[in-house]
Amino acid sequence: MTKTNVLFVTLDQWRADHLAATGNKTIRTPTMDALCADGIAFRNHFTCIAPCGPSRTTFLTGMYPSNHRSIRNGTPLNHSLTNLALEARLGGYDPTLWGYTDTTPDPRVLGEDHEAFLTYEGVMPGFTVGQQLAENSIPWLDYLAGKGYDIPGTGYAIYFPDPDYKLPTGRHPLFAPSRFKAEDSETHWLADQLIRNLKSKPSDPFFHHLTFLRPHPPFISPPEYHDLYDPAEMPPPVRDGSPDEMREKHPSLALMYQAIPQDAFFMEGEGRAVDLEEDAVAQLRATYKSLITEADHNLGRVIATLKEQGQYDETLIVVTSDHGEQLGDHYLWGKIGFYDESFHIPLIIKPPKSWNVATGREVSEFTESVDLMPTILDGLNLPVPRQCDGHSLMPFLRGETPADWRRAVHWLYDFRDPVAQMPETVLNIKSSECNLLVHRDAEFKYVHFAALPPLLFDMKNDPDETRNLAEDPDYQGVVLDCVQELLSWRMRYEYGELVNLSASGKGLVGHRMCR
């Protein structure tokens, strides 16, 4: 029996409301719209944590962050845990990475002085590296240098705008394009690496994990894309009062306004992101869209290759993100805090034709990033390890809704700074108290902080999350219900592998025992 091919794709920092097929009227995403038509779009899909490393650890292990505990970039991952790549390899695949997973290994295995701990950009065990893409961008920069580009330095220095570009009258300086053409962009270059591999092995079954950096900042796009969207036509960011008024609403907002710098989002930024003027915000929102369209185009090139080789029909394609982007909503930038903009992300699953799945549908039930590993393994008829907290989405692909499916999603956000201690100092709390848990259902979102006041939002009547009801006397019953639901969820999914093994009578030999 022929193995099903797998193409698992992530766009970094891509939020759910930036996909044409699911309702965004201004963005151009023809490739992903076509995948929605050939597959299923999951409208209420959420990551269980941000930022990048923890979110990828979550969907690659199928475990909630409160269980795998790799909750910050650079936090080591327990070596005893399995993951999607290891399980696929046991099933006869050669899982190959094109990009990055940002995995930090376990120092109890390598020793604390190992060179692997000079970076947080390690590779998840089990993956063959087709092309790694680290923040220093050296392989891509070498390619650019070979084409005659002037390279100002390693890493993100290449993202300073084209010094020879003449800014048109009336345009914001952030309108300036990159110094490299679209055909030489990091996105195009990485797609080329995978395309070359596909063409070199036209008949081999494959398992590829392609991770585009875009639309992750720096927010600057190639000259062929930089004027694709008019800043004047960008929807205004969600705002509820001035920054000073917002600071008074919760101490975490005051902290984030102080902590988020402009230069994390564009190379010439100075000062705090909260102080960006409206024309800069509009231009950044337009550029963000152009980067998504560029990634969409390059994914289309990969898919065109699959079709040319006759591989598309029998390839399972999963397209999602690691987390979202605030994009100036609530005066915030990046993947941060508790708002949906940072945690509500797209998910598209295009099944093989042989599965006889009715396509072109949307699923509105809540799904989480922990569901990806069990879904892919289930689709490949491979066992799902007991460590997985997520649940296979295969019933939804078959048009079924499990009777006991979740009614809420949950996520963790840890904002400690073990080195500089800024949050700890500003808020006068311990590192272990710099975290929050969210319970979010169709009606309410409850945010529980370890050492700060809680938040409650009415998601039906206030979907922009502008009014905190946590202290409102009329909503204390709702708060109590949410707290109980959050606690029950946490207790239900607390990792207990050794307890499970003892109860199963299988002993430690069965540590990979499947559900």
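The values are calculated or read from the model by the stated rules, or taken from the named source; none is laboratory data. Note that the structure is predicted; figures quoted are calculated from it, not measured. Note that each Cβ is placed from the backbone with ideal geometry, even for glycine, and that neighbours are counted across all protein chains shown.
Answer yes or no as to whether residue 176 is within 27 Å of residue 288 (Cβ to Cβ), in contact with a strand residue (DSSP E or B) (Cβ under 6 Å, 6 or more places away or on another chain) and at pLDDT 95 or above.
yes
Considering only region 28-69, how many residues are surrounded by fewer than 20 Cβ atoms within 10 Å (Cβ to Cβ) and not in a helix (DSSP H, G or I)?
4
Quick check: is even one residue across region 187-205 in contact with a helix residue (DSSP H, G or I) (Cβ under 8 Å, 6 or more places away or on another chain), assigned to a loop (DSSP other than H, G, I, E, B), touching a residue at least 24 places away in the same chain (Cβ under 8 Å) and crowded, with 17+ Cβ neighbours inside 10 Å?
no
Within region 50-67, does at least one residue satisfy the condition of being in contact with a strand residue (DSSP E or B) (Cβ under 6 Å, 6 or more places away or on another chain), of a type in the set (A, V, I, L, M, F, W, C) and touching a residue at least 60 places away in the same chain (Cβ under 8 Å)?
no
Tell me which helices (runs of 4 or more DSSP H) are completely within region 354-427 and hold 1 or more residues being among the polar types (S, T, N, Q) and closer than 26 Å to residue 439 by Cβ, or say none if there are none.
Passing ranges, in order: 372-379.
Just checking, how many residues over region 244-260 are over 23 Å from the mean Cα position of the chain (by Cα) and closer than 27 Å to residue 290 by Cβ?
Within region 244-260, residues that are over 23 Å from the mean Cα position of the chain (by Cα) and closer than 27 Å to residue 290 by Cβ number 0.
Given the conditions (1) part of a loop (DSSP other than H, G, I, E, B); (2) more than 30 Å from residue 312 (Cβ to Cβ), report the number of the one that residue 158 does not fulfil.
If we test residue 158 against (1) part of a loop (DSSP other than H, G, I, E, B); (2) more than 30 Å from residue 312 (Cβ to Cβ), just (1) comes out false.
Which one of these is farther than 17 Å from residue 69 by Cβ and exposed (fewer than 14 other Cβ atoms within 10 Å of the Cβ): 487, 456?
That would be 487, the only listed residue that is farther than 17 Å from residue 69 by Cβ and exposed (fewer than 14 other Cβ atoms within 10 Å of the Cβ).
Quick check on residue 221: is it surrounded by 15 or more Cβ atoms within 10 Å (Cβ to Cβ) and either under 25 Å from the mean Cα position of the chain (by Cα) or part of a loop (DSSP other than H, G, I, E, B) (or both)?
Judged against the criteria, residue 221 is a match.
Residue under question is residue 16, and the condition is that it be surrounded by 21 or more Cβ atoms within 10 Å (Cβ to Cβ), in contact (Cβ under 8 Å) with a residue 24 or more places away in the chain and not in a loop (DSSP other than H, G, I, E, B); does it hold?
No; evaluated as a whole, the condition is false for this residue.
Out of all the residues in region 271-291, is one or more of a type in the set (Asp, Glu), farther than 30 Å from residue 312 by Cα, at pLDDT below 95 and not assigned by TED's automatic domain parsing to the domain that holds residue 88?
There is no residue in region 271-291 that is of a type in the set (Asp, Glu), farther than 30 Å from residue 312 by Cα, at pLDDT below 95 and not assigned by TED's automatic domain parsing to the domain that holds residue 88.
I need the full set of residues from region 369-386 which are in contact with a Cys (Cβ under 7 Å, 6 or more places away or on another chain) and either crowded, with 24+ Cβ neighbours inside 10 Å or within 18 Å of residue 355 (Cβ to Cβ) (or both), in order please.
Passing the criteria: 369, 370, 373, 374, 384, 385.
Any residue at all in region 439-452 that's modelled with pLDDT of 95 or more, touching a strand residue (DSSP E or B) at 6+ places or on another chain (Cβ under 6 Å), of a type in the set (A, V, I, L, M) and surrounded by 13 or more Cβ atoms within 10 Å (Cβ to Cβ)?
Looking for residues that are modelled with pLDDT of 95 or more, touching a strand residue (DSSP E or B) at 6+ places or on another chain (Cβ under 6 Å), of a type in the set (A, V, I, L, M) and surrounded by 13 or more Cβ atoms within 10 Å (Cβ to Cβ), one finds at least one in region 439-452, hence yes.
Filter region 227-242 for residues that are surrounded by fewer than 16 Cβ atoms within 10 Å (Cβ to Cβ), part of a helix (DSSP H, G or I) and not hydrophobic (A, V, I, L, M, F, W, C) and give the result.
233
Residues checked against (1) more than 27 Å from the chain's Cα centre (by Cα); (2) assigned by TED's automatic domain parsing to the domain that holds residue 79; (3) among the basic types (Lys, Arg):
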| residue | (1), (2), (3) |
| --- | --- |
| 114 | yes, yes, no |
| 120 | no, yes, no |
| 124 | no, yes, no |
| 127 | no, yes, no |
| 138 | no, yes, no |
| 147 | yes, yes, yes |
| 153 | yes, yes, no |
| 158 | no, yes, no |
| 161 | no, yes, no |
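State the number of residues belonging to region 331-347 that are surrounded by fewer than 24 Cβ atoms within 10 Å (Cβ to Cβ) and assigned to a strand (DSSP E or B).
1
Six or more apart or on different chains, Cβ atoms under 7 Å: show the pairs whose first residue is in region 149-171 and touching a residue at least 40 places away in the same chain (Cβ under 8 Å) and under 15 Å from residue 223 (Cα atoms) and whose second is surrounded by 14 or more Cβ atoms within 10 Å (Cβ to Cβ) and of a type in the set (S, T, N, Q).
159/178; 161/178; 162/178
Within the group 94, 102, which residue is in the same structural domain as residue 295 (by TED's automatic domain parsing), surrounded by fewer than 20 Cβ atoms within 10 Å (Cβ to Cβ) and touching a strand residue (DSSP E or B) at 6+ places or on another chain (Cβ under 9 Å)?
Testing whether each residue is in the same structural domain as residue 295 (by TED's automatic domain parsing), surrounded by fewer than 20 Cβ atoms within 10 Å (Cβ to Cβ) and touching a strand residue (DSSP E or B) at 6+ places or on another chain (Cβ under 9 Å) leaves just 94.
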